[in-house]
Number of protein chains: 2
Amino acid sequence: MIIDCHGHYTTAPSQHTDWRKSQLDAFLAGAPTPPYPAISDDEIRESIEQHQLRLLRERGADVTIFSPRASAMAHHEGDERVSGEWARACNDLIARVARLFPDSFVGVCQLPQSPGVPVKSSVAELERCVLDLGFVGCNLNPDPSGGNWTAPPLTDQYWYPVFEKMVELDVPAMVHVSASCNPNFHATGAHYINADTTAFMQFIQGDLFADFPDLRLVIPHGGGAVPYHWGRYRGLADMLKKPPLTEHVMRNVFFDTCVYHQPGIDLLFEVVDVDNILFGSEMVGAVRGIDPQTGHYFDDTKRYIEALGLPEADKEKVYAGNARRVYPRLDSALRLRGR
Amino acid sequence: MIIDCHGHYTTAPSQHTDWRKSQLDAFLAGAPTPPYPAISDDEIRESIEQHQLRLLRERGADVTIFSPRASAMAHHEGDERVSGEWARACNDLIARVARLFPDSFVGVCQLPQSPGVPVKSSVAELERCVLDLGFVGCNLNPDPSGGNWTAPPLTDQYWYPVFEKMVELDVPAMVHVSASCNPNFHATGAHYINADTTAFMQFIQGDLFADFPDLRLVIPHGGGAVPYHWGRYRGLADMLKKPPLTEHVMRNVFFDTCVYHQPGIDLLFEVVDVDNILFGSEMVGAVRGIDPQTGHYFDDTKRYIEALGLPEADKEKVYAGNARRVYPRLDSALRLRGR
């Protein structure tokens, strides 16, 4: 069993993305949101079978933890109502994918975040997605302002209602920003990686996991810059008089394997405990090309992991065991299907 | 000959830092800046001999490219006049260190940047420091707002007067942010590393080095997240229809070795050409403790480089040759002293 913990619906039918555009246009014009368009099951099937499912099969994985397109969450656009409508539309579409392909996709939701407003509606949407739609986690955007970083750090009480609901529902969050409206930050080349690094350092500075010992957070893209600077982070924890990272942060924080070359994956596995690493590819996502140095897709991260020569027990953890532990509702769903 | 390309005067006499505080207090009170205090040569000698020079000798390096404390540049405080006074005071102090220890320290200047104003005064201060004080480069802050990222990207025309002057004077810049006034970003744990990553991605997106083929920029802290995500950056350059990184960016961009553990240094040298790597430690700087895993200082980066087992010719490049090439005025100064 191979579970990819990080996949986005980047190939959603055009009616869906066109509607988003018309929704934002209506918002700016002060007009009511147009009705959501009809999208047939066949259109959804086609959008998945030709892309994610084909690649999943070609690369030899089984299940993708699947969420709405991260860059399109764009919590900085519109307002809380607009973000609410958009999150529900995106999550309902993910639920349809998961119902059409129950063996291959399990849902993770986008939250209706909006800059400067409390997270109350995010708590409600998380509950709806987990209890009504069968989702197993959420994506939490630490910067709903889209590159202006106006929200408080993740260790601030502002976020606590979401964390309380996550613990109550026993679901994790992937810490994942969206598009950047700050011209300094290329979305997938700077903003994503910076957010990963930033979140990790916030966890070092704070004591979030003293308040939420059961909270689980996945930092994507291999943990941003963190494994490369593992010595810096161990040293900073020490300077800040915090316990070692293994106790202070790594009981609650996990990294995926969205690192698109062999030396990066080698480093990740050298410095981070195998219990903290979840297989992920973010396919079809940020980097879609073929690496001329290898002749394979940059984001075919399974190849890099295979090349590590891990003991079977460790490989099983990275491919499935850790994901089933971090996402217990995924584990339950798989068991119900005898997997 | 071993040249450390990245050292800050983090141990300046307290009169200097006290004056800064009084300068900012006066600014806020609308009062004139108090006169700069007397600091004796002996006080400067002591502040250097007990710290940077002692460690330089203990660790076996010869020359440090030395600049004002990066976190204290704080371009977001005060205004352009205040930043100008502070930059001159800091740079003059560095010049005194370099005059007192001409065999061990060579100056690099802080620029009087300020959010939202043109870089004209930075151009003038750069010229003063290079031509009058014998400095060999500058530190350029891509985010003078201190974590709010309100300046245009480094590829924007806004920065061109600085780049033109750098090319004219044949000096490089280290791209180095300062303190963060955004609570999301820990200075040395997030803001510094994010800025390194951000700058590199800006260079991929833009065509800065087509306009300035002779411009040289050092990205510190081992290039932020870049080497760890080297596959991502190669893939993004490809998706953006840019030439390979080796041609598009790496003729003009260099990384230091401020990566505080062996696996990080191993990765850096695995993916980045040895011609692009300059020895640096940022000592005494961000991470001052001893690594319990090794029993040595985290920032004793020479140990990690020694452990690589590089061919002598490559080691010479990293320790000295590359720095002499990137900082030609350093090379000239060393030659004048028969080194």
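What follows draws every value from the coordinates through simple rules; no lab data is involved. Computed from a predicted structure; not experimentally measured. All Cβ positions, even for glycine, are placed from backbone atoms using ideal geometry, and neighbour counts span all protein chains on display.
Averaged over the residues of peptide B:259-271, the number of Cβ atoms from other protein chains lying within 10 Å of each residue's Cβ is 6. Ascending distances from the A:Pro328 label point to its copies in the other chains, with the point 7 Å along the Cα-to-beta-carbon line: 6.6 nm. Taking a sphere under 10 Å around the Cβ of B:His261 and counting the other residues whose Cβ falls inside, with K and R at +1 and D and E at -1, yields a net charge of -1.
B:Gln293 label point (Cα plus 7 Å toward Cβ) to equivalent points in the other copies: 2.3 nm, shortest first. Taking a ≥ b ≥ c as the square roots of the eigenvalues of the alpha-carbon gyration tensor, the protein assembly as shown is classed prolate because a/c is 1.5 or more and a/b outweighs b/c.
Could you name the lysines in cross-link range of B:Lys120, using Cα to Cα under 16 Å and dropping any fewer than eight places away on the same chain? Filter leaves B:Lys165. Explain nothing, just the number: relative contact order of the stretch A:230-339, from Cα pairs under 8 Å at least 6 residues apart, as a whole percent. So the answer I get is 23 percent. For chain B, set up a Gaussian network in which alpha carbons nearer than 10 Å are linked by springs, and say which option among B:Gly280, B:Gly84, B:Gly206 fluctuates the most. Of B:Gly280, B:Gly84, B:Gly206, the most mobile in the Gaussian network model is B:Gly206. Maximal additional length on extending the A:Asp62-A:Ala124 stretch stands at 19.3 nm, based on 0.36 nm per residue less the C-alpha distance.
In deg cm²/dmol, rounded to 500, what helix-only [θ] at 222 nm does chain B give when every DSSP H run of at least 4 residues adds -39500 (n - 2.57) and the total is split over its residues?
Values: 15 runs with 139 residues, N = 339.
Estimated from H runs of four or more residues: -11500 deg cm²/dmol.
Distances from B:Ala38 to itself in the other copies, using label points 7 Å out along the Cα-Cβ axis, amount to 9.0 nm in increasing order. Bridges between two residues of the protein assembly as shown, per DSSP, are antiparallel at a rate of about 5%. First check a/c for the stretch B:143-286, with a ≥ b ≥ c the square roots of the eigenvalues of its C-alpha gyration tensor; if it is under 1.5, answer rounded, and if not, answer prolate when a/b is larger than b/c or oblate otherwise. Rounded, because the longest to shortest axis ratio a/c is under 1.5. Taken along the Cα-to-beta-carbon direction at a fixed 7 Å, the label points for B:Ser14 and B:Glu316 span 4.8 nm. Taking the square roots of 5 times each eigenvalue of the Cα gyration tensor of chain B, largest first, gives ellipsoid semi-axes of 29, 25, 19 Å.
Span-like helices, chain A: DSSP H, alpha-carbon axial extent 24 Å or more, mean Kyte-Doolittle -1.0 or greater, which ones? Can you show the working numbers first?
Working: long enough: A:80-100 (30 Å, -0.19).
Helices meeting the criterion: A:80-100.
Inter-label distance, B:Asp275 to B:Ala38: 5.3 nm, where each label sits 7 Å from its Cα along the C-beta direction.
Here the extension length gained between B:Arg288 and B:Arg81 equals 71.2 nm, from 0.36 nm per residue of separation less the Cα-Cα distance.
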